[in-house]
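**Q** There's a structure below that I have some questions on.
The values are calculated or read from the model by the stated rules, or taken from the named source; none is laboratory data. Note that the structure is a prediction, hence the values are computed from the model and not measured. Don't worry about glycine lacking a Cβ; one is built from the backbone with ideal geometry, like all the others, and counts go over all protein chains shown.
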């Protein structure tokens, strides 16, 4: 497995609209470069792109979602860092062979779908307390 770049950093927030009011003036942006809801992950996201790297504000869409659990345990703040790889499934195999635990979905799947790619999470206990994501998207992300 080879990391191509830092893909994005995600910040867990209680209220996405309020967080946008705080972050956007500092970021020099009036709106996100990408906004989406990921039903499977129970999140609503505002994504900002800087030199091909994403900065995300994530709000839980469910009180029992992972972002809500994170905030309840640790408070708002940086929740994860994501690295872009060529192939998520191959990276999972390579990482597991080296002893890195991959967090499965509730259905036991390790690769999770997102748009036209897949991603997976490495358990933070292995990664000095940092939830780490690998993702294999291929699209060009440029600033708006």
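**Q** Here is a list: 61, 88. Which entry is surrounded by 15 or more Cβ atoms within 10 Å (Cβ to Cβ), touching a residue at least 12 places away in the same chain (Cβ under 8 Å) and farther than 22 Å from residue 22 by Cα?
**A** One residue alone meets the criteria, 88.
**Q** Please give the number of the condition residue 132 fails out of (1) assigned to a loop (DSSP other than H, G, I, E, B); (2) at pLDDT 95 or above; (3) under 15 Å from the mean Cα position of the chain (by Cα).
**A** (1) is the only condition that residue 132 fails.
**Q** From (1) exposed (fewer than 13 other Cβ atoms within 10 Å of the Cβ); (2) assigned to a loop (DSSP other than H, G, I, E, B), pick out the condition that doesn't hold for residue 1.
**A** Going through the list (1) exposed (fewer than 13 other Cβ atoms within 10 Å of the Cβ); (2) assigned to a loop (DSSP other than H, G, I, E, B), residue 1 breaks only (1).
**Q** In segment 35-58, which residues are under 14 Å from residue 9 (Cα atoms) and in contact with a strand residue (DSSP E or B) (Cβ under 6 Å, 6 or more places away or on another chain)?
**A** The answer is 45, 46, 47, 48, 53, 54, 55, 56, 57, 58.
**Q** I've got another one for you. Starting from residues that are without any contact (Cβ under 8 Å) to a residue 24 or more places away in the chain, over 19 Å from residue 12 (Cα atoms) and touching a strand residue (DSSP E or B) at 6+ places or on another chain (Cβ under 8 Å), keep the ones in segment 91-104 and report whichever is surrounded by the most Cβ atoms within 10 Å (Cβ to Cβ).
**A** Result: 102.
**Q** Output the residues belonging to segment 106-144 that are within 22 Å of residue 74 (Cβ to Cβ), surrounded by fewer than 16 Cβ atoms within 10 Å (Cβ to Cβ) and touching a strand residue (DSSP E or B) at 6+ places or on another chain (Cβ under 8 Å).
**A** Across segment 106-144, the qualifying residues are 123, 124, 130.
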